[in-house]
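Just so you know, all these numbers are worked out from the coordinates, no wet-lab data involved. Being a predicted model, the structure only gives us computed values, none of them experimental. When we count neighbours, we look across all protein chains shown, and the Cβ atoms used for this are built from the backbone with ideal geometry, even at glycine.
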Amino acid sequence: MYRSRLDFPPVHEPSENCVTATGLLVVRLPHLNFDPEGRGAFPAHPPCHEDVCYAGIDRMAWFDVDESLIQGVLPHELALLREQIKEANSDPSGVQVCQDFTVASALLSFSNRSQRRNEMIVVRSPELSKLKGSVELLETSVSWLGQDVVLLGGWSVVRDWLFDGRGARSGMVGLLNEFGLVAASWAVDEVISGYLAAIERGEAEELPDSSYDFISVEIGRLEVDRGAME
């Protein structure tokens, strides 16, 4: 099995030094968040504004693992781990988190075996945790980057509208931080209101169903080396 060279999992029993999160994802690095062939919902170019690239949840999660599975080069034991993640996320959210650091680390190591194209992120959302449960992470191992605005069961409004759509020319871009995410909680409502107004004007994609909800998802980067020293 491909194993991480890191010898600790930052997932622990609850304690005063831990934070609660929904789970982990292996995603593309912001500047490599694209598929040159533009297949499916994947962008053909990285979602960036000048030198700021989108660093949210919608970054081709598990893409290089799934591509290797399709090509028949994914080791059997890793294919089983990937299948376990899918089975554990049989809800309508469209988000497939892993709640086992060792598993996520093994899949990250394989994904980066020839080139570092992926990283492990932490996602935290009360709405997602109601569907999936939660994990405890060492507080010192997580650097929170900001908030993504997500249509539950759909897509990231930040990526699809503020980076890839006509919203990129709106004043809403000024609400994003250096990670291409919403920095303040009050600004989440501003983004949602702006997106709904854009739909009314025909400047954004229609919502697929009136039952779809907007949620805020906190995104964190796992500072594994720093956490290992705690």
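Highest GNM mean-square fluctuation among H76, H49, H31, for the chain modelled with Cα contacts below 10 Å: H76. Across G220, G202, G167, mean-square fluctuation computed from a Gaussian network of the chain (C-alpha pairs under 10 Å connected) peaks at G202. Bin by bin, in steps of 10 Å, what percent of the Cα pairs in the chain do you find, going until the bin that has the longest distance? Taking all Cα pairs of the chain, the binned fractions are 8, 33, 37, 19, 4, 0 percent.
Sort by residue number and name the cysteines in the chain that have no neighbouring cysteine Cβ under 4.7 Å. Cysteines lacking a close Cβ partner in the chain: C18, C98. Loop-located trypsin sites (Lys or Arg not before Pro) across region 108-197 with a Cβ neighbour count of 13 or fewer within 10 Å are R113, R116, with loop assigned by DSSP. If you add up the charges near D58, with Lys and Arg at +1 and Asp and Glu at -1, over every other residue whose beta carbon is less than 9 angstrom from its beta carbon, what do you get? Here the count lands on 0. A straight line joining the Cα centroids of region 20-92 and region 139-170 runs 15 Å. Annotation: peptides 139-149, 85-95, ranked by per-residue average of other Cβ atoms within 10 Å with the highest first, follow the order 139-149, 85-95. When the chain is treated as a GNM, springs tying every alpha-carbon pair under 10 Å, which of A106, A168, A41 comes out with the largest mean-square fluctuation? Comparing A106, A168, A41 in the GNM, the peak value goes to A41.
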